[in-house]
Amino acid sequence: MSWFRRLLKRLKVSDRGTATIEGAIIMPFLVLLFAGIADFGRVLWHYQTVNTGVRDATRYLSRRTLGDPVACTLAGGADTEAQNLATTGNIGGGTLRLSYFTTTTATAEPIPGGPARYPCRVRVQATVTIPVLMLDFIGIGPITFTLEDMARYYGD
């Protein structure tokens, strides 16, 4: 039993290896924290990418000719062109800005009590679900958000 007491006394007095043990205890939390920060930054970057597409499509529609400026209807194919512009960056379509950014809506509507010359406004809306990588580990699943931009119609 004396050898056990000597061992306990030596461990009590010695502090060799404590930094390694402390590092081993705190490291999983630090890795999770840094991964969460990186994942959150990725979500913000994707949010900004979707926001840019929606704004581009709204600007495009606000300058494109309407089918009927009085009834505020979009010209043939304008909604598809705006959706393509929002999701791909090109009115003709192409590679998606983000692989899961596929759903947008584009509409024109009258401005209540609006001016006589251009009484319409255009609206583009996108709903996107962004998958999260590391945040899913702690129970934060995919993040869904809806972006909408509206502008007054100015004509061509």
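In contact with a Cys (Cβ under 8 Å, 6 or more places away or on another chain), assigned to a strand (DSSP E or B) and aliphatic (A, V, I, L, M): which single residue out of A108, A151 fits that description? Step through it out loud before you land on a result.
Working: A151 fails: in contact with a Cys (Cβ under 8 Å, 6 or more places away or on another chain).
Step by step, each of A108, A151 is checked, and only A108 is in contact with a Cys (Cβ under 8 Å, 6 or more places away or on another chain), assigned to a strand (DSSP E or B) and aliphatic (A, V, I, L, M).
Working only within the range 40-63, note down all residues that are charged (D, E, K, R) and either surrounded by fewer than 14 Cβ atoms within 10 Å (Cβ to Cβ) or at pLDDT below 85 (or both). Don't jump to the end; show me each part of the working.
Initially, the range 40-63 is screened for residues charged (D, E, K, R), giving 42, 55-56, 59, 63.
Correct list: R63 only.
Looking only at the range 64-104, count how many residues are in contact with an Asp or Glu (Cβ under 8 Å, 6 or more places away or on another chain), surrounded by 13 or more Cβ atoms within 10 Å (Cβ to Cβ) and within 18 Å of A151 (Cα to Cα).
Total satisfying the criteria: 4.
Only one of (1) closer than 20 Å to P110 by Cβ; (2) under 19 Å from the mean Cα position of the chain (by Cα); (3) charged (D, E, K, R) is not met by D56, so which one is it?
Failed condition: (1).
Mind checking which pairs have a first residue in the range 138-156 that is farther than 26 Å from P69 by Cβ and in contact (Cβ under 8 Å) with a residue 40 or more places away in the chain and a second that is of a type in the set (S, T, Y) and exposed (fewer than 14 other Cβ atoms within 10 Å of the Cβ), Cβ under 8 Å, 6 or more apart or different chains?
I143/T129
Please go through the range 115-147 and give me each residue that is of a type outside the set (A, V, I, L, M), assigned to a strand (DSSP E or B) and closer than 23 Å to S62 by Cα, ordered by number. Don't jump to the end; show me each part of the working.
Pass one, the range 115-147, residues of a type outside the set (A, V, I, L, M): 115, 117-121, 123, 125, 127, 129, 131, 136-137, 139, 141-142, 144-146.
If we keep only those that are assigned to a strand (DSSP E or B) too, we end up with 120-121, 123, 125, 127, 129, 144-146.
Listed by number, the residues that qualify are C120, R121, R123, Q125, T127, T146.
The values are calculated or read from the model by the stated rules, or taken from the named source; none is laboratory data. The structure presented is a predicted model; accordingly, all values stated were derived computationally and were not measured. Ideal geometry is used to build each Cβ from the backbone, glycine not excepted, and the neighbour counts take in all protein chains shown.
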